[in-house]
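Structure, as structure tokens:
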Amino acid sequence: MNDITSRSEDMALAIGAKKLHEGRQFMYDAAKRYHDSFKDSKTGFFKAEYLESRSCPVCFKNNERVIFNADGGVYVKCNECGMGYLNPVFTDDSLTKFYTGNNTVQSEVVENESDFYRKIYLKGLEALTPHTKKGAILDIGCSAGSFLDLAKSNGWDTWGVELNEAEIAYTKKKGHKAFNQMLESIEFPIKFNAITLWDVFEHIKDGHKYLKLMKSLLTPDGVIFIQVPNFHSLAARVLQEKCKMFDGLEHVNLYSPVTLRTIAEKNSFELVSMNTVISEIPIVNNYVNYEDAYLGDIPHGGRVLNLIDEKLLHENYLGYKIQAVLKNMH
């Protein structure tokens with residue numbers, strides 16, 4: 001089931017961690033400024049008025065342990081199913097407020113790194129084709145429509161949902177059918193052959209609710225494609241709270257291959273394809289050599305400590321992100 005990613009799809013391996021993350025620094029700075037506007041300046045944590053406590057978002061048990069604090073948020077791990085998640089977490093209204101007023105720097109990064117994103121997006125489209133016929137595709141969290149551009153050029157009928165008002169306006173100008181609303185408030189006139197969530201599912205608090213909702217929007221043979229950060233990746237396990245995966249606010253649920261399969265099956269989806277992408281080998285190698293993980297420049301030769309290479313890493317689902325295809329079951 002695992003498909004080994006190529007070095008051309010891994011920017012840190014291709015150009016080096018330092019060059020990659022120096023180029024993204026403007027995005028990190030903008031995100032930090034916006035995140036900080038929701039914090040209590042005295043405590044450094046997010047203001048209590050925005051927060052609520054919850055159970056595990058996969059198994060619903062209240063058996064968790066705190067693993068660390070990260071950038072104003074508290075991450076816990078479920079002792080029952082192994083899920084990682086923020087607790088407390090922003091309320092639904094607070095999250096909507098946050099995303100509606102968010103900046104557009106992520107779309108700028110996609111434009112700046114268009115070759116890399118094109119390869120990753122093509123990999124996702126190719127993963128869909130064995131499992132559904134080409135037709136209408138809905139991209140949830142479509143940003144400025146870069147993935148939809150590629151899907152349209154490959155013969156798909158493109159639709160999108162995005163809460164950021166500036167980005168949705170740009171997506172519409174490019175000719176995609178797009179909505180600036182919460183998914184549950186939209187009445188679509190058609191069913192979709194495919195629904196995609198590129199680095200979005202980890203932002204959704206109630207994954208069960210949204211999988212059920214997406215099921216109702218699919219054709220009988222429809223599929224869902226999900227790319228999410230991998231809670232069990234080598235980088236996340238080694239760097240822990242220093243890993244950029246743990247942003248303290250937006251990444252509310254962090255799945256592993258096991259918990260992603262669990263939530264899919266609980267909602268009558270078959271996980272028909274799964275692999276990991278993006279090794280983060282240079283980042284891990286910097287960190288284990290006492291350098292700044294993202295801005296260090298330790299030679300790595302494509303291996304962590306000359307032991308773990310890209311092939312071995314992805315064979316064991318230890319890549320930084322998971323790509324999975326969920327098939328609608330009846």
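Computed from the coordinates I sent, P(r) over Cα pairs in 10 Å bins from 0, in percent equals one of (1) 5, 24, 32, 25, 11, 2, 0; (2) 6, 21, 25, 23, 15, 7, 2, 1, 0; (3) 6, 26, 36, 26, 6, 0. Tell me the label.
(3)
Tell me, what is the percent relative contact order of the chain, built from C-alpha pairs under 8 Å that lie six or more residues apart?
Relative contact order comes out at 22 percent.
So for segment 30-106, averaging the separation of alpha carbon pairs under 8 Å that are six or more residues apart and normalising by length, what relative contact order in percent results?
With pairs under 8 Å counted, the relative contact order is 27 percent.
As a check on your grasp of the helix formula, calculate [θ] at 222 nm for the chain: sum -39500 (n - 2.57) over DSSP H runs of n ≥ 4, divide by the residue count, round to the nearest 500.
Roughly -9500 deg cm²/dmol at 222 nm, from the helical runs in the chain.
So with the 1.4 Å probe, I'd like the accessible area per residue for the chain, rounded to whole Å².
For the chain, the per-residue accessible area is 43 Å².
If contacts are Cα pairs under 8 angstrom and at least 6 residues apart, what is the relative contact order of segment 206-266 in percent?
With pairs under 8 Å counted, the relative contact order is 38 percent.
What is the count of Lys pairs in segment 152-207 whose alpha carbons sit under 21 Å apart, if the two are 8 or more places apart or on different chains?
Taking the Cα cut-off of 21 Å, the pair count is 7.
Rank LYS215, LYS119, LYS134 by accessible area, highest first, at a 1.4 Å probe radius?
The most accessible residue leads, giving LYS134, LYS119, LYS215.
Using a 1.4 Å probe on the protein chains only, how many percent of the accessible area of the chain belongs to carbon and sulfur?
Taking all protein chains in place, the chain shows 51 percent carbon and sulfur surface.
For segment 188-330, treating each Cα as an identical point scatterer without solvent, what Debye log10 I(q)/I(0) comes out at q = 0.09, 0.14, 0.17 1/Å?
Cα-only, vacuum Debye calculation for segment 188-330: -0.32, -0.68, -0.90.
Could you count how many Lys pairs in segment 15-101 have their Cα atoms under 24 Å apart, skipping same-chain pairs fewer than 8 positions apart?
Eligible lysine pairs with Cα atoms under 24 Å apart amount to 12.
D for segment 135-205, whole µm²/s, Stokes-Einstein with Kirkwood Rh over alpha-carbon pairs at 10 °C and 1.306 mPa s: what number?
For these conditions, the coefficient is 132 µm²/s.
Using r as the Cβ-Cβ distance of ALA166 and LEU305, and R0 as 51 Å, what FRET efficiency do you calculate, to the nearest 0.05?
That gives a FRET efficiency of 0.70.
The values are calculated or read from the model by the stated rules, or taken from the named source; none is laboratory data. Quantities reported herein were computed from a predicted structural model and do not represent experimental measurements. So basically every Cβ, Gly included, is an ideal-geometry build from the backbone, and we count neighbours across all protein chains shown. All accessible areas refer to the heavy atoms of the entire protein, side chains included, with ligands and DNA or RNA removed. Shrake-Rupley method; radii C 1.70, N 1.55, O 1.52, S 1.80 Å.
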